[in-house]
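The values are calculated or read from the model by the stated rules, or taken from the named source; none is laboratory data. The structure presented is a predicted model; accordingly, all values stated were derived computationally and were not measured. Cβ sites come from the backbone with ideal geometry, for glycine too, and all protein chains shown count toward neighbours. Quick note on the areas: whole protein, heavy atoms, side chains included, nothing else; ligands and nucleic acids left out. Shrake-Rupley method; radii C 1.70, N 1.55, O 1.52, S 1.80 Å.
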Amino acid sequence: MKKILVIDDEPGLTRMIKLNLERTGKFTVRTENCGKNAIRVALDFDPDIIFLDIMMPDLPGDAIAEQLRAEPRLQNIKLVFLTAIVTRDDTADGHNLIGGHHFLAKPVSTKDLLRTIEMLLPTT
Amino acid sequence: MEFDSLSKYLKRLILISLLISLLPWTGLTLATDVAAAVSLSQAERKWLAEHPEIVLVTQARSYPFEFFDDSGTYRGVAADYIALLEQRLGMRFKVLRAENPAQLQAYIKSGAVDIVAATARTSVPAQSMQVARPHIVFPGVIVAGDKYPDLASLTGKKVAVVKGRQWGHFIGANSPQLQITSMSDVATALEAISEGKVTALVSDMATASYYIHREGMTDINIVGRVEKDLELGIATRKDWPELNRIMEKVLAGISDEEHEAISRQWIHLKAPTLIMGKTFWTLLFSGLATVLLTFLGFILWNRSLRQQVAARTRNLKKELEWRTAAEMEIQEAYEQLNRSHNELKETQLQLIRAAKMESIGSLAAGVAHEVKNPLMQIRLGLDYVRDELVLDQTCQDVVQDMETAVSCADSVINSLLDFSREKKLSRELCSLNKVIEDSLTLVRHILSQNGVQVHLQLQGQLPKILLDENKIHQVFINLVHNAVQAMPRNGTLQISTYQSGSPGKKVLVAEIADSGPGIGKEDMDKIFDPFYTTKPVGKGSGLGLYVCRNILDLHGAEIELSNRDNGGLCITIIFKTD
């Protein structure tokens, strides 16, 4: 079971992601709505992939990403930004890459999430 | 002798009777009825019969009153009256010729004279002669070369009078300020005037007129009047009162016309002609001199005016050149100002646009964050519902509609985000026609759904231009979307391209014309504003044309809207080729 951490300040959103991904039976999903808790939870959960919102009130997503990259145990974890400030066109290059980072433009569908997970964590 | 007289008298009576009888047929009237005029009494007739020889004394050289001409005929004013008297009385006087006034007086004193033809009352002795009422009356006049209307105007001047005439006494008594010079006769006096020895002559009108005419004087004329007349009457022997009465009667019978006829014969009262007088020549030369001076003055004035005009023209030319230069400077300054104004306006527009962009950017980011999260939540919720629940067809349609609504809302937010950020184009040489065709491929399902007929008129061999293909796709897709929404079902869309412009300034033009209602004039200026839409609520974000214009601005292209004459909107996009 792949472990997926979703960090977003919207509880309703993280809950819906969790429901949809776990419904597949392939993933264990943990959610966190406070940015400041992100590193601690990541260290504790040790996810395979993290979906990280950028615009969060207490700590922005890019700052969390820096902290994750700075943590040796976490620096190899796949990181996908979930953001409302890019458009689908911005990320529609096949790899959802902007400046070397993976992005998903909100509103993301379940298919988008699964496609991205499959791309980053292929089941072979 | 008596027989002869009677015979003549009878002959005259017969002739007069005959003339009178003819009058009604001739229409003429006699000036004087001779027979009636001389209505002598029996006693008078008897007296005349008893005195068949009446001696008349005349003066030989008293021109023009009485004189004898070269043939010895008795002539003159008085002579004409004597002839008239003889005619009326039917008798002839015995004429005694006096060569001068002294001889006349001697004849009178001698008692040999019965009648004096013409004399002043004071010129004959009152004890022996009786003067009848004057029948010859002429006004006293001034004769001169210049104008002297009266004696007062001759004050201090030498004035000639003829010896033995009344004028010397009259002037001496009434105008003592005049220097009187006595002359022997009128001709001598006129010559003295002509030579400038005297200024004027005072005489009677008959004498003056006669001599001026006879001597052919051209520079001397009757110029003034003296307040005294010359009066001459017939003098008769005092001891023959019958003769005096007879003369009075006959003279009284002379009509005014007869008096005038006699007067006209001897007095040449021609008005002095201007051309004959010194005054005329003086006036003529004065006039000519005036004209000449005026002409010279006019020439000088004209020359002066010409010089003034030339100087003024030079000044005006200079002023005109100065004004032209100033006008050009003003025009140049105006154009510069206009350019500056346009630049300022453009800058202002850019600032406004930038401010809009900035505000849109802030808004977009906020809206994106606040809206996209719920949208994602809804989308994931719908995913969950679709997979977890067994839905009938209606529920599936509802879910599908909700997903479409989420996509629409997402599209609006994406548009906001798209153009709140600075764009960088990725331009390559492209075929405009191909970009249009590709764009139509992307929207063909919308076109077919709405039954829109597309007419393409794409000019071949258009040069390739630098375009960001994806962005221009978006432009044409947006415009086609708008057109489809504006048109009723089964509308027509006409898309054409062509090359235009002058050498060095070639442009490619793309036109998209629909068969919709067009847009109102009031919407023209606002149609490119963000969030401004003419579509029904919920059908458009108001960002489509705004997005299009921004993309085209980045390409340096222009977009223009115009309503077609036959209805519908025509959108023209102009791409520069260089």
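Here are some notes:
- At the residue level, B:R564 shows approximately 70 square angstrom of accessible surface with a 1.4 angstrom probe and all protein chains present.
- The mean accessible area for residues of chain B, using a 1.4 Å probe and ignoring ligands and nucleic acids, is 57 Å² per residue.
- For segment A:2-120, alpha-carbon Rg over 2.2 N^0.38 Å: 0.96
- Descending semi-axes in whole angstrom, ellipsoid equivalent of chain B, from the Cα gyration tensor: 148, 32, 21
- Inter-chain shielding of B:403-415 (mean C-beta neighbours from other protein chains, 10 Å cut-off): 2
- Antiparallel bridges, percent of DSSP beta bridges restricted to the protein assembly as shown (to nearest 5): 55
- Listed peptides B:174-182, B:138-146 by packing density, highest first (mean Cβ within 10 Å): B:138-146, B:174-182
- The Cβ shell under 13 Å around B:Q336 holds other residues with a net charge of -3, Lys and Arg each +1, Asp and Glu each -1.
- Compared with the direct C-alpha span, the chain from B:N563 to B:H51 gains 170.2 nm at full extension, assuming 0.36 nm per residue.
- Counts of other chain beta carbons within 10 angstrom of each beta carbon in peptide B:377-390 average 5.
- Cβ neighbours within 10 Å from other chains - mean over A:13-20: 5
- For segment B:133-171 versus segment B:365-395, the gap between their alpha-carbon centres in whole angstrom: 150
- Taking each of B:K372/B:K521; A:K36/A:K78; B:K109/B:K197; B:K46/B:K249 in turn, the alpha-carbon distance tops 27 angstrom for B:K372/B:K521; B:K109/B:K197.
- Estimated [θ] at 222 nm from DSSP helical runs (n ≥ 4, -39500 (n - 2.57)) normalised by residues in chain B, nearest 500: -17500 deg cm²/dmol
- The alpha-carbon positions of segment B:424-576 define a convex hull whose volume is 119 Å³ per residue.
- Pairwise centroid distance, computed over Cα atoms, of segment B:450-522 with segment A:1-71, Å: 47
- Extending 7 Å from the Cα toward the beta-carbon at both B:V95 and A:A63 defines two label points whose distance is 16.9 nm.
- Contact surface B-A: accessible area buried, both sides summed, square angstrom, 1.4 angstrom probe: 2100
- Accessible surface of the protein assembly as shown, 1.4 Å probe, proportion on carbon and sulfur as whole %: 55
- The calculated FRET efficiency for the pair B:I352 and B:S502, based on their C-beta separation and a Förster distance of 45 Å, comes to about 0.85.
- Förster-model FRET efficiency, 22 Å R0, B:F295 and B:N315, C-beta, rounded to 0.05: 0.15
- Folded to 0 to 90 degrees: helix B:77-89 orientation relative to chain B principal axis, Cα: 60
- Equivalent ellipsoid of the protein assembly as shown: semi-axes from √(5λ) of the C-alpha gyration tensor, largest first, are 159, 31, 22 Å.
- Cα shape, segment A:17-87, gyration tensor, a/c 1.5 rule: oblate
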